[in-house]
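> Encoded as structure tokens, here's the structure I'll be asking about.
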Amino acid sequence: MLIVGDNTARAFAIFAAVSLVRFRTNIRDPKEITVLLISLALGLAAGVGRWDLGIALCLFALALLWLLEFRESEQNYRSMELTVKTRNPDRTQEVLKRIFEKSKIDAEVRELVPVDADNPIGSITYYLSLRLNLTTDQLSDRILAADPTNTEGIQWSKSKNAADIYQ
């Protein structure tokens, strides 16, 4: 309201810009639209010469975004599938459970292929919910360090789900 003042043309221009941004842009996160609208307001404030309002809005937006995103990587998860090829699936499964508990990872066994006479290497497939700040390289290194004699290989695959990152 401070930016529009008593200028009707400016009010219609803001309405048109907001409508265009809101309905023509594919927005996945509510923060995206908020940042977009704040940027629009900052541009309008600068355009009409309201530097005091623009600076105050900018500082408020920066503080709010910092507060919202400070711990975001710890709160968001991605779906991954882990397959570990092993000589001793039972031993490896115990090691994996300890690693998952220590790292606070939600894990679910999807497939367990035991060792038999024809195939001396079995496999364990887990469905995991990984925090964004935990990389697959870090977890692979932990698995290899915890069970180096049995582990033959580690394979990661991303979920084919459209909503593979969630809060």
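Conditions (1) closer than 20 Å to residue 61 by Cα; (2) part of a helix (DSSP H, G or I); (3) modelled with pLDDT under 70, marked per residue:
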residue: 10; (1), (2), (3): no, yes, no
residue: 16; (1), (2), (3): no, yes, no
residue: 22; (1), (2), (3): yes, yes, yes
residue: 26; (1), (2), (3): no, no, yes
residue: 32; (1), (2), (3): yes, yes, no
residue: 36; (1), (2), (3): yes, yes, no
residue: 42; (1), (2), (3): yes, yes, no
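> Does residue 54 satisfy being under 30 Å from residue 9 (Cβ atoms), modelled with pLDDT under 90, out of contact with any Ser or Thr (no Cβ under 8 Å at 6 or more places or on another chain) and not in a helix (DSSP H, G or I)? Quick ask: steps written out before the conclusion?
On the way: under 30 Å from residue 9 (Cβ atoms): yes; modelled with pLDDT under 90: yes; out of contact with any Ser or Thr (no Cβ under 8 Å at 6 or more places or on another chain): yes; not in a helix (DSSP H, G or I): no.
The answer is no for residue 54.
> What number of residues within the stretch 62-116 are without any contact (Cβ under 8 Å) to a residue 24 or more places away in the chain, surrounded by 13 or more Cβ atoms within 10 Å (Cβ to Cβ) and basic (Lys, Arg)?
Final tally of qualifying residues: 1.
> Residues of the stretch 94-114 being part of a loop (DSSP other than H, G, I, E, B) and farther than 15 Å from residue 83 by Cβ, which ones?
Start the filter on the stretch 94-114 by keeping residues that are part of a loop (DSSP other than H, G, I, E, B), which leaves 104-105, 114.
Within the stretch 94-114, 104, 105 meet the criteria.
> Oh, and also: Which of the residues that make up the stretch 134-167 are surrounded by 12 or more Cβ atoms within 10 Å (Cβ to Cβ), under 15 Å from residue 106 (Cβ atoms), at pLDDT below 90 and not acidic (Asp, Glu)?
134, 159, 165
The values are calculated or read from the model by the stated rules, or taken from the named source; none is laboratory data. Fair warning: this is a prediction, and the values are worked out from it, not measured in the lab. All Cβ positions, glycine included, derive from the backbone under ideal geometry; neighbour counts span all protein chains shown.
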